[in-house]
Amino acid sequence: MILQLEQISKSFGGRTLFSNVTLRLEAYDHLALVGPNGAGKTTMLRIITGQEDADSGRIVLAKDARIGYLEQ
C-alpha cells in the first residue's frame, strides 16, 4: 500500500464536494481524477498532499512514499 484514503469528506458552506471517499493505491497503480470544474479534484489533491484539511476521514501514506504535485 502506497496511499490509502479512509472516509474522506469535504464541504464548503452548504455544498458537499465529496463524502466518505475511500481508496487504496498500491505500487504501480495509476489514478486519474476526472470531473467538471468545481467538482473538487484540486481540493482532493490538496488534501492528499497535506495543503488542506479534510472535514473528516484520514490519509495513510506508506513510510517511504513521497507525493509530488505540480499546480496548474
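See the values below:
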| quantity | calculated |
| --- | --- |
| Selection from the range 37-53 of residues that are under 9 Å from the mean Cα position of the chain (by Cα) and either of a type in the set (A, V, I, L, M) or surrounded by 15 or more Cβ atoms within 10 Å (Cβ to Cβ) (or both) | Lys41, Thr42, Thr43, Met44, Leu45, Arg46, Ile47, Ile48 |
| Qualifying residue in the range 1-24 (condition: of a type outside the set (A, V, I, L, M), touching a residue at least 40 places away in the same chain (Cβ under 8 Å) and out of contact with any Gly (no Cβ under 7 Å at 6 or more places or on another chain)) | yes |
| Filtered residues of the range 2-21 (kept if hydrophobic (A, V, I, L, M, F, W, C) and surrounded by 12 or more Cβ atoms within 10 Å (Cβ to Cβ)) | Ile2, Leu3, Leu5, Ile8, Leu17, Phe18, Val21 |
| Residues (basic (Lys, Arg) and part of a strand (DSSP E or B)) located in the range 9-49 | Lys10, Arg15, Arg24 |
| Arg24 of a type in the set (D, E, K, R) and surrounded by 11 or more Cβ atoms within 10 Å (Cβ to Cβ) | yes |
| Lone qualifier among Glu52, Glu6 - being acidic (Asp, Glu), at pLDDT 90 or above and assigned to a strand (DSSP E or B) | Glu6 |
| Hits in the range 9-42 - residues which are more than 22 Å from Asp55 (Cβ to Cβ) and of a type outside the set (Asp, Glu) | Ala27, Tyr28, His30, Ala32, Val34 |
| Subset of the range 55-72 (residues that are assigned to a loop (DSSP other than H, G, I, E, B), of a type outside the set (A, V, I, L, M), modelled with pLDDT of 90 or more and within 20 Å of Ile2 (Cβ to Cβ)) | Lys63 |
| Residue check for Val34: in contact (Cβ under 8 Å) with a residue 40 or more places away in the chain, exposed (fewer than 13 other Cβ atoms within 10 Å of the Cβ) and of a type outside the set (Lys, Arg) | no |
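The values are calculated or read from the model by the stated rules, or taken from the named source; none is laboratory data. The shown structure was predicted, so the numbers you read here are calculated from the model rather than taken from an experiment. Because the Cβ atoms are built from the backbone with ideal geometry, glycine has one as well, and the counts that use them run over all protein chains shown.
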